[in-house]
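Novice: Attaching a single structure in structure tokens format; questions to follow.
No value in this document is a laboratory result; all are computed from the given coordinates. Computed from a predicted structure; not experimentally measured. Virtual Cβ from ideal backbone geometry, glycine too; neighbours counted across all protein chains shown.
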Amino acid sequence: MVSGSASEARRLADLVRLRRVRDRIDREYAQPLDVEALARDVHMSAGHLSRQFRLAYGEPPYSYLMTRRIERAMALLQRGDLSVTEVCFAVGCSSLGTFSTRFTELVGVPPSVYREQASGPAAGMPPCVAKKVIRPVRNREAPPVTPDLA
């Protein structure tokens, strides 16, 4: 039975470290972050961190980071005072092409189109509700855009 409690203690310690990684991503999303550095900071291997993070949060750390960046980009694009390029760099992306591709995968429309439609579904909603409603979808699950034929 001692080995069972030791295994449980290790699992709980891993969960604490995973929470630290997630909190750091949430705080420092605009900084250059990579999985190896995140893993090193919590004394885990990059592979172990990625596997455990996915088990705990449903996606690997890099996807979680990109989701945070896209969420922030959506908010900045809604403001309308920054260009897509400025938003790209403000959220920590270093490639406009990668940013646009990932944004389109998660949101379903390119950032320029999203910026034009900024007064869409979240208009007039409290920010806490709007964040839940407009949260980007992960893993290419954005609904296909179909033309209105009516």
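Novice: Determine, from the Cβ-Cβ distance of SER83 and SER5 and an R0 of 35 Å, the FRET efficiency 1/(1 + (r/R0)^6), rounded to the nearest 0.05.
Specialist: Values: r = 56 Å, r/R0 = 1.59.
Calculated transfer efficiency: 0.05.
Novice: Could I ask something else about it? Step through the residues of segment 51-57 one at a time and calculate ³J(HN,Hα) from phi using the Karplus curve (6.51 cos²θ - 1.76 cosθ + 1.60, θ = phi - 60°), rounding each to whole Hz and writing x for Gly and Pro.
Specialist: 5, 5, 4, 4, 4, 6, 10
Novice: Continuing with the same structure: Among LEU65, ALA39, LEU12, pick out the residue whose Cα is farthest towards the positive end of the charge dipole of segment 9-88, where Lys and Arg carry +1 and Asp and Glu carry -1 on C-beta, about the Cα centre.
Specialist: Checked the options; the winner is LEU12.
Novice: Separate question: Grab the beta carbon distance between VAL109 and ARG40, set R0 = 30 Å, and tell me the FRET efficiency rounded to 0.05. It would help to have the intermediate numbers written out before the result.
Specialist: Details: r = 37 Å, r/R0 = 1.23.
The formula returns an efficiency of 0.25 here.
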